[in-house]
Structures are given as C-alpha cells and as structure tokens.
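The values are calculated or read from the model by the stated rules, or taken from the named source; none is laboratory data. Please read these numbers as outputs of a predicted model, since none were measured by experiment. Cβ coordinates were reconstructed from backbone atoms using ideal geometry, including for glycine residues, and neighbour counts include every protein chain displayed.
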Amino acid sequence: NQQIVLDNRPQGEATVSNFKLVQSETPALQDGQVLVQHHYLSLDPYMRGRMNDGKSYAQPQPLGQVMIGGTVGEVVESRHPRYAVGDKVVGMGGWQQYSVVDANTPGTLRKVDTTHVPLSHYLGAVGMPGVTAWYGLVKIINPQAGETVVVSAATGAVGSAYAAVAKARGCRVVGIAGGPDKCAYAVNELGFDVCLDYKVHTDVKSLSQALKEACPDGIDGYFENVGGYILDAVLLRTNAFARIAVCGMIAGYDGKPMPLSNPALILINRLKVQGFIVGEHMEVWPEALAELGGLVASGKLRPRESVAQGLAAAPEAFLGLLKGKNFGKQLVKLI
Ligand code: NDP
C-alpha cells in the first residue's frame with residue numbers, strides 16, 4: 001500500500017519536500033471492517049491549513065501519518081454485513097491506495113450509486129465541495145429570484161456547483177476567476193452571466209469598477225473563497241442587507257496577511273457576514289446532495305476535473321491547486 005505522509009511542516013509556502021511517499025502492509029481485517037481500494041483521491045484547499053500546527057477549527061495533520069483526504073473507491077474485501085465486494089463507496093481514506101475502514105463508525109463510509117453520476121463526481125459536485133456551495137448559497141445567502149450573487153474561485157469545485165444552484169434559483173450569477181480561459185469557460189459551460197478576470201483587474205479600483213458594470217443592480221449575495229482585495233472590491237458594490245458567506249480565504253493560506261481596507265461597509269450596508277464549515281452541517285447533506293445529484297444527472301451541472309495520475313503526483317498537484325493551476329475539481333487517479 002503506497003501512502004503519502006506529512007513529513008515536516010511548511011515554513012510559509014508549502015513545498016513537495018513537506019511530503020514523503022512510503023510503503024506499508026495492509027493489516028488483516030477485523031469484524032466490522034472493510035478494505036477499500038481507492039480509485040480517486042480528492043485534493044482540497046483545507047489540507048493546507050491542516051499542514052500547520054497553529055490553532056484552527058480543525059486539528060493539525062499529525063507528522064508521519066497518512067495525509068487526510070476524501071476518497072472514492074471500491075470495496076475489495078468485507079467483514080461487514082452491509083458492505084459487499086464491488087460496492088462503490090466514498091470516505092476519508094487519505095493519501096494512499098487502500099484503506100481499512102471501521103464501517104460501524106458513523107460517517108466513515110457511504111455507498112454511492114454510479115448509474116447516473118460518475119464515481120469521481122462524489123468528491124466534487126456531488127460531494128463535499130458541492131454541499132459547501134449549496135450550504136453557503138441556500139442557508140446563508142438565501143437568495144430570491146432576480147437577485148445578483150457573486151462567487152470568487154468561480155470555476156473550481158465549489159464555484160462551479162454554486163453557479164448551477166444559483167441559476168436554478170433564478171439569480172444573476174457573476175464569477176471572479178483567474179485568466180481568460182477560466183472566465184470563458186465559466187460563461188460558456190457553467191452558466192455564469194459574467195465572469196471577471198482578477199488577473200486583469202489587479203486592484204480594488206479596477207475590480208470594483210468591473211463589478212459595477214457586471215452587477216448593474218448591485219450585489220445581494222457574495223460567496224467568499226479567496227479574500228484580500230477581491231473582498232474589498234465586492235464590499236464596495238454590496239446592496240443594503242447583502243449576505244456574505246465566508247467559505248475560504250485561499251489567498252492567505254500560506255500566511256500572507258489580508259487586511260480589509262473598508263470594514264465600515266459592513267455597518268453602512270448592514271451586511272450579514274457569516275463563516276461556516278460544511279462538515280458541521282451534516283443535517284443538510286442529504287437535501288443538498290439530492291439537488292446536486294439531480295443537477296449533474298440532468299446535465300445542468302457539468303463539472304470539469306483536473307486529474308493527476310498516480311499517488312506520487314499528489315503533492316505537486318496539491319501545490320498547483322493552491323496556485324490555481326487546477327481547472328475544475330482537482331483529483332488524483334489511483335487506478
Ligand atoms: P478550487 O477548485 O476552487 O481551487 C482553488 C482555486 O482558488 C484555484 O483554482 C484558484 O482559482 C483560486 N486561487 C488560488 N489562489 C488564489 C489567489 N491568491 N487569489 C485568487 N484566487 C486564488 O477549490 P475548491 O472549490 O475546493 O475550494 C474553494 C474554496 O472553498 C477554498 O477557499 C476552500 O478553502 C473553500 N472551502 C471551504 C469549505 C468550508 O467548509 N468552509 C469546504 C470546502 C472548500 P483561479 O485560477 O480562478 O484563481
């Protein structure tokens with residue numbers, strides 16, 4: 001069983017030397033356990049936070065242990081009555097080829113149906129990132145038809161699901177993404193009404209002017225994935241009583257400070273600003289996954305994937321994700 005462990009913690013920017021590839025034997029199964037062969041590993045920005053030792057909402061990744069991560073795969077051996085060899089499952093198997101799972105522990109493993117939805121999508125649009133988009137939009141922003149809602153990191157796993165869910169609610173949907181290809185894709189494939197390229201609009205003034213044109217009726221809801229001057233620019237265009245779901249601040253994950261230049265706008269525009277962690281809202285997952293599964297099955301959400309080949313490619317692909325080299329949901333294909 002090939003595994004990738006966290007070997008040492010990053011000082012500032014993460015590098016491939018923080019990770020180490022190791023080999024181990026898979027232990028024999030106990031009663032209640034299943035052996036899962038992973039087909040895909042999910043790479044997600046939150047893993048960067050876990051690599052640090054500081055205080056956060058999540059425990060740091062222990063050194064020398066297999067990196068945490070979502071996986072989809074197939075049961076290849078089972079000593080649990082509810083799981084049979086061949087079942088397709090999603091779980092948190094980590095950066096390794098196989099995992100032994102205590103299937104009696106709630107929330108460790110979920111069987112999935114691949115009739116209408118490809119297995120890999122259960123790590124993206126019909127998985128944790130999809131539910132993240134759904135929760136922030138539906139439960140925090142709670143838009144009315146006709147309202148304008150904006151999202152940063154628009155073409156990623158979360159952003160692409162956000163567009164589909166917001167369109168289904170009759171919103172005007174505006175994205176912010178890096179580069180002309182991603183922006184064109186957002187409009188042509190993901191259903192965004194407009195997508196603004198922050199690599200063209202590189203400061204608050206330029207981006208807020210572009211947002212003014214893209215959002216002629218102002219901004220009613222913003223889903224924050226990035227932070228920094230992008231947030232400053234959006235704040236300038238918010239309507240009274242706009243709602244901001246703070247999901248991620250990826251521009252600062254390597255420790256860069258991200259001052260807010262005009263927090264008084266929160267008061268002036270009577271904004272609701274709410275952070276959230278999707279794993280703390282398991283009660284909405286069934287409803288959210290049902291809607292997301294429907295959007296994928298009907299072709300209204302056609303998520304794109306960036307697929308790295310083989311476990312050894314995971315560290316490089318992960319560092320690329322933090323820099324926007326991914327185009328859509330970042331995965332690692334293991335078999
Ligand atoms: P994505 O697929 O969107 O990949 C990350 C994207 O972030 C990159 O492709 C890049 O897009 C963008 N990005 C990276 N660095 C910068 C930067 N300095 N400035 C602007 N954009 C940048 O990842 P996910 O969809 O998985 O995650 C999106 C966000 O959601 C992340 O912030 C993540 O931490 C957060 N999240 C939060 C959860 C929660 O429970 N709160 C759960 C899941 C995700 P581009 O090329 O367009 O710049």
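Can you say whether Glu13 is within 16 Å of the ligand (Cβ to nearest atom) and part of a loop (DSSP other than H, G, I, E, B), as far as the supplied structure shows?
Against the criterion (within 16 Å of the ligand (Cβ to nearest atom) and part of a loop (DSSP other than H, G, I, E, B)), Glu13 qualifies.
Is it true that some residue in the range 19-41 is on the phi > 0 side of the Ramachandran plot and in contact with a Gly (Cβ under 8 Å, 6 or more places away or on another chain)? Write out each step before concluding.
Initially, the range 19-41 is screened for residues on the phi > 0 side of the Ramachandran plot, giving 32.
Narrowing the set further to residues that are in contact with a Gly (Cβ under 8 Å, 6 or more places away or on another chain) leaves none.
The answer is no, given that none of the residues of the range 19-41 is on the phi > 0 side of the Ramachandran plot and in contact with a Gly (Cβ under 8 Å, 6 or more places away or on another chain).
Name the residues in the range 178-198 that are within 15 Å of the ligand (Cβ to nearest atom) and assigned to a helix (DSSP H, G or I), would you?
As a first pass, look at the range 178-198 and keep what is within 15 Å of the ligand (Cβ to nearest atom): 178-187, 189-190, 192, 194-198.
Result: Pro180, Asp181, Lys182, Cys183, Ala184, Tyr185, Ala186, Val187.
When you look at Ala164, is it crowded, with 23+ Cβ neighbours inside 10 Å, within 16 Å of the chain's Cα centre (by Cα) and not in a helix (DSSP H, G or I), yes or no?
Considered against the rule, which asks whether it is crowded, with 23+ Cβ neighbours inside 10 Å, within 16 Å of the chain's Cα centre (by Cα) and not in a helix (DSSP H, G or I), Ala164 comes out as no.
Working carefully through the options Gly146, Gly175, find the one that is on the phi > 0 side of the Ramachandran plot and either surrounded by fewer than 23 Cβ atoms within 10 Å (Cβ to Cβ) or within 16 Å of the ligand (Cβ to nearest atom) (or both).
On inspection, the qualifying residue turns out to be Gly146.
Suppose we filter the range 284-335 for residues that are in a loop (DSSP other than H, G, I, E, B), closer than 27 Å to Tyr253 by Cβ and not aromatic (Phe, Trp, Tyr); how many remain?
Residues flagged as in a loop (DSSP other than H, G, I, E, B), closer than 27 Å to Tyr253 by Cβ and not aromatic (Phe, Trp, Tyr) within the range 284-335 amount to 10.
Restricting attention to the range 285-297, does a residue exist that is farther than 23 Å from Tyr222 by Cα, of a type in the set (Gly, Ala, Ser), within 12 Å of the ligand (Cβ to nearest atom) and touching a residue at least 40 places away in the same chain (Cβ under 8 Å)?
No, the conditions are met nowhere in the range 285-297.
Looking only at the range 58-65, decide whether some residue is over 29 Å from Phe276 (Cα atoms) and assigned by TED's automatic domain parsing to the domain that holds Leu321.
Within the range 58-65 (the criterion being over 29 Å from Phe276 (Cα atoms) and assigned by TED's automatic domain parsing to the domain that holds Leu321), the answer is yes, since at least one residue qualifies.
If you check Val76 against the conditions, is it surrounded by fewer than 16 Cβ atoms within 10 Å (Cβ to Cβ), in the same structural domain as Ala312 (by TED's automatic domain parsing) and modelled with pLDDT of 95 or more? Quick ask: steps written out before the conclusion?
Details: surrounded by fewer than 16 Cβ atoms within 10 Å (Cβ to Cβ): yes; in the same structural domain as Ala312 (by TED's automatic domain parsing): yes; modelled with pLDDT of 95 or more: yes.
Judged against the criteria, Val76 is a match.
Can you confirm whether Ala210 is assigned by TED's automatic domain parsing to the domain that holds Pro263 and touching a helix residue (DSSP H, G or I) at 6+ places or on another chain (Cβ under 6 Å)?
The answer is no for Ala210.
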